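Everything below concerns the one structure shown next.
The values are calculated or read from the model by the stated rules, or taken from the named source; none is laboratory data. Bear in mind that the values here come from a model prediction, so they are computed numbers and not experimental data. No Cβ is skipped: glycine too gets one built from the backbone with ideal geometry, and neighbour counts run over all protein chains shown.
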Amino acid sequence: MGFFLLTNFLFPNETQAHGKEKHGKKAESAKVDTLKEARATVHDTLTSGKVSPEEHADHMANPAKVHASLSDFPHIHPLIVHFPIMLLMIAAAMQFVNILFQKKELNWAVTIMVLLGFITAYASSYWSHPHTSGLSAHAELVLGQHDKYAEYTIYLSGLGLLAQILSVLVFKGKRWSIAVAAVILIGAGYAVSMAGHYGAQLVHIEGVGPQGKYLEQHH
C-alpha cells in the first residue's frame, strides 16, 4: 500500500494517463456500439412492413414478363418509327455510292428500301401517331418541329420513291437518274433524322411517352 502511494506520488501523470486511456477506450467502444444500434434501427425502419404487397410485387423479378407483349406498350408508335429512320438513311447512302458504280442490283435494293421506308413513315405519322395532352409550352414547340420534319420525310421519301421507280424502269439506271434520286433521298434522310432527333428530345428530355405519360389514347 505504501509502495502504491509512493509510486502515485512520484509518477502522477503516468498513472492518470493510464487511467484516462482505459476510460477513452471504454468511451470509444460505447460510441461504436451506439452507432451500430443506430444503423440497425435505421435498417429496421427502412425494411419495416410499410411496403405494400403490390409495391413489393412490382420490384420482384418476373421472368414471365421480361419479354413484353405489344399490348404492354402505351403506344406502338416507337415500334414502327425506327424503320423509316433506318431504311431511308441507309438507302440514301447506298444510292449516293451507286452514282459511281451504277449497279442495277443496288438500284433495285434502294428502291425496295425506299418503298418500305415510305410505308413505315406514313404509318408512323398517320396510322399510329399518338395524341398528346397536358404538354408544357416548350414541349409543344418540340412536338411541332417533330411533326414538321415527319411531314417532310413523307413528302421527300414519296418523291424519292417515284424517282427510284423512274430510274429503274424508265431510265434504266442512267447515272443522272441515279444522282437525282440520291439527292432527293439525302433530303429524306436528313428530314427523318431531324424528326428522330426531336422525337428523342420529346421522350428523353420532355418526358413525353414513357409509361404513357402525356398520351391521350393507347393502341
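Screening Gln145, Gln201 for residues that are assigned by TED's automatic domain parsing to the domain that holds Ile90, farther than 23 Å from Ile119 by Cα and part of a helix (DSSP H, G or I) leaves exactly one candidate, Gln201.
For every residue, the table says whether it meets (1) surrounded by 17 or more Cβ atoms within 10 Å (Cβ to Cβ); (2) within 20 Å of His197 (Cβ to Cβ).
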| residue | (1), (2) |
| --- | --- |
| Val81 | yes, yes |
| Met86 | no, yes |
| Met94 | yes, no |
| Ala109 | no, no |
| Ser125 | yes, yes |
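Can you confirm whether the stretch 203-215 contains a residue that is free of Cβ contacts under 8 Å to residues at least 24 places away in the same chain and among the aromatic types (Phe, Trp, Tyr)? Among the residues of the stretch 203-215, not one is free of Cβ contacts under 8 Å to residues at least 24 places away in the same chain and among the aromatic types (Phe, Trp, Tyr), which makes the answer no. Are any residues in the stretch 99-134 of a type in the set (Gly, Ala, Ser) and part of a helix (DSSP H, G or I), and if so, which ones? Matches in the stretch 99-134: Ala109, Gly117, Ala121, Ala123, Ser124, Ser125.
For Ala137, the requirement of being buried (at least 19 other Cβ atoms within 10 Å of the Cβ), closer than 25 Å to Gln211 by Cα and of a type in the set (Gly, Ala, Ser) is not met. The selection criterion, being surrounded by 14 or more Cβ atoms within 10 Å (Cβ to Cβ) and within 30 Å of Thr132 (Cβ to Cβ), holds for Ala191. There is no residue in the stretch 167-182 that is surrounded by 14 or more Cβ atoms within 10 Å (Cβ to Cβ) and within 30 Å of the chain's Cα centre (by Cα).
Against the list (1) more than 20 Å from the chain's Cα centre (by Cα); (2) crowded, with 17+ Cβ neighbours inside 10 Å; (3) of a type in the set (Phe, Trp, Tyr), the condition Tyr198 fails is (1). Residue pairs whose Cβ atoms lie under 7 Å apart, separated by 6 or more positions or on different chains, with the first residue in the stretch 108-126 and in the same structural domain as Ile184 (by TED's automatic domain parsing) and the second hydroxyl-bearing (Ser, Thr, Tyr) and assigned to a helix (DSSP H, G or I), are Val114/Ser157; Gly117/Ser157; Phe118/Ser157; Ala121/Thr153; Ala121/Ser157.
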